[in-house]
Structures are given as structure tokens and as C-alpha cells.
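Novice: Quick one: structure below, then a few questions.
The values are calculated or read from the model by the stated rules, or taken from the named source; none is laboratory data. Values in this document were obtained by computation on a predicted structure and should not be read as measured data. Note that each Cβ is placed from the backbone with ideal geometry, even for glycine, and that neighbours are counted across all protein chains shown. Please note that ligands, DNA and RNA were not included when accessible areas were found on the heavy atoms of the full protein model with its side chains. Shrake-Rupley method; radii C 1.70, N 1.55, O 1.52, S 1.80 Å.
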Amino acid sequence: MTETQARPVSSIDPISANERYDSIDMLRGVAVFGILVMNIYAFAMPFAAYSNPLAMGGTDPLNMGVWYFTHLVFDQKFLAIFSMLYGAGIALLTERAFERGVKATGVFYRRSFWLLLIGILHGQLLWFGDILFGYAATGMLMYLFRNCRPKTLMIIAVFWLPIAPLLTYGFGVATTQLQEAAEFFEQQQAAGETLTDDQLALIESWEQTEKMFAPAPDDIAKDVAVYNSTYREIFEYRSEMVATFQIGGLFFLVVGRVGGLLGMGM
């Protein structure tokens, strides 16, 4: 009797070594390595430096060359591989549960809940760029499509994938309009006019947006100073940013982009 046959039909324990797919494990390791290369930017510098090479890190040919090379070769590409493998994992879990006569739904959602919780704690306590929260939430949604035919999953993925770039484009248009409105009201304020609370709030909103993507030297200095201070100060400083990343990113990128890739992987 093999190890697989010896398992109780009521269990769905982690798979044994002889049940693993070496190619999938190796590819997953390569994907994580590629993601690490990109995360080094955010580990070492303010967040804006990830997407804006002029924010920090030098503008000489070597530094700019490294930034463009990593973004062209690594950025998003290894995330796509990892996402498709996560989708494949959902399908494998469902398949093995069926073979053992176990209902996979309870197992999957229980594991996803714990992953969701770990992601929240990970983001708040350790690393603001956490992706576990987003994958757990998106996986819970994509699990509903687990019994679809491969062709159906691919069709869903093809229509799903454009959501993220459309949302991103819409965000870009809204940001441009926000900037123009804020600059107009700032000119009015400089001319001596009294602004309403809504107009002042709009200016503040633009300042926060600009600080995130194109921070001034003072903002960068403050960011560096905080991350060289105590853990408590760091926690308080990044707490709101983590919530924004995890919730905002869930709709703009994770649900929009990763969901389609999970479908392809499945």
C-alpha cells in the first residue's frame, strides 16, 4: 500500500515528497527570486524609488541602466509566473481532494483565511509590500471558478486581464485632473481668495499623491529618518500606508491583474 493510499479519506494533509512536481517547485523558486530583485528597491529606498528612478538612487547612466533593466526584465514578469502557479495550486488542491474523497472547499477557505490574517500581520509588523493578503483574497474569489473547463477559464482570464490597465489608466486621468485643479486653487489662494474646505481638502489630497510618487527632498529625508528610528515610530508611520496598499492594491492590481493570471494557471 502506497503512502497516498494509506491516508485517511477524511484528511488532506500537506503532500509528501513523492507527490510533488519538481518543475513547479523550481519555477516557483525562480519566480520568488525575481520578485525579490524588485523588492530590493523598496527594501533599501523610499517607496517612490520603485516606480520613479528620479526619486532616489542616482541618475548617472549606470544607475538608470540598472533601473530600466530590472523593470524591463523582472518587474511584473516573475509576478505573472508566481500568480499562474498559485492558480495551478488551487486546481491541484481540488484534484487531490477529489481523489481522496475529501471536500476541498472548507480546507481551501480555512487555509486562505489564515493566509489573509498572516498577510495583514506581515504588512503591518514587517514589510509594507506584503502580497499574501491580496493573493489570499483573490484566491478566495477565483476558487469559485475551479470547476470550469480550461477553455472557459482562459476566456475568463482574457477578459479579466484588461481590467487592471484600464483601472490604472483611469487613475492616471483622475490624478492629472486632481493636479490641475489643485494648482488652480493654489493660484487663487496665492491671489488672496479664500478657499472652501472642499478646495483645501483637494489641495491636500494632491500633495499626498505627489508625495507618494514624486516626493520632495524633504519628504525623502523624513522617510529615511523614520526608517532609521525606533520600531514603534516605523510602525506608526507606515500603518496607514499598508492599509492603503492592501485594500487599494486589491482592487487596482491584485483583483484586476492577478485574478486573470490565477485563472490561466488553473
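Novice: Quick check: pseudo-label points 7 Å beyond the Cα along Cα→Cβ at Trp127 and Ser229, how many nm apart are they?
Specialist: The modelled label-to-label distance comes out at 2.4 nm.
Novice: Looking at the range 186-229, which GluC sites (Glu not before Pro) are in a loop (DSSP not H, G, I, E or B) and have at most 14 other Cβ atoms within 10 Å?
Specialist: Sites meeting the loop and neighbour criteria: Glu193.
Novice: Additional query: Excluding ligands, DNA and RNA, what is the solvent-accessible area per residue of the range 47-195 at a probe of 1.4 Å, expressed in Å²?
Specialist: Counting only protein heavy atoms, the per-residue value for the range 47-195 is 58 Å².
Novice: For q values of 0.08, 0.09 Å⁻¹, compute log₁₀ I(q)/I(0) with the Debye formula on a Cα-only model of the range 1-157, without solvent.
Specialist: Listed by q, the Debye log ratios stand at -0.33, -0.41.
Novice: In addition: Per the 1.4 Å probe, what fraction of the accessible area of the chain, in percent, lies on carbon and sulfur atoms?
Specialist: 67
Novice: I'd like the accessible area for Trp114, computed on protein heavy atoms only with a 1.4 Å probe and all protein chains in place. Round to 10 Å², please.
Specialist: 140
Novice: What net charge is computed for the residues neighbouring Ala216, neighbours being all others with C-beta under 14 Å from the C-beta of Ala216, Lys and Arg scored +1, Asp and Glu -1?
Specialist: Details: positive: Lys211, Lys222; negative: Glu207, Glu210, Asp218, Asp219, Asp223.
Here the count lands on -3.
Novice: Here's another thing I want to ask about it. Grab the eigenvalues of the alpha-carbon gyration tensor for the chain, scale each by 5, take roots, and send me the semi-axes largest first in whole angstrom. Before the final figure, lay out each step's value.
Specialist: Numbers: eigenvalues 347, 88, 69 Å².
Semi-axes, largest first: 42, 21, 19 Å.
Novice: Related question: Please work out the FRET efficiency for the pair Gln208 and Glu180, using the Cβ-Cβ distance as r and a Förster radius of 22 Å; give the result to the nearest 0.05.
Specialist: Calculated transfer efficiency: 0.85.
Novice: Separate question: If R0 is 22 Å, what FRET efficiency do you get for Asn18 and Phe98 from their C-beta distance, rounded to 0.05?
Specialist: 0.70
Novice: So if each residue of separation counts as 0.36 nm, and I subtract the Cα-Cα distance between Thr168 and Leu141, what length gain in nm does that give?
Specialist: So the chain would gain 7.6 nm between Thr168 and Leu141.
Novice: What is the dipole size for the chain, taken about its Cα centre, with +1 at each Lys and Arg Cβ and -1 at each Asp and Glu Cβ, in debye to the nearest 20? Spell out each step's value before the answer.
Specialist: Numbers: 17 positive and 25 negative charges, 381 e Å.
Using Cβ point charges on Lys, Arg, Asp and Glu, the chain gives about 1820 debye.
Novice: How much length is gained on full extension from Thr244 to Val32, taking 0.36 nm per residue of separation minus their Cα-Cα distance? Can you show the working numbers first?
Specialist: Values: separation 212, 0.36 × 212 = 76.32 nm, distance 2.36 nm.
Using 0.36 nm per residue and subtracting the Cα-Cα distance, I get 74.0 nm.
Novice: Here's another thing I want to ask about it. Under the 0.36 nm per residue contour assumption, what length would be gained going from the current alpha-carbon distance of Leu62 and Arg110 to full extension?
Specialist: 12.5 nm
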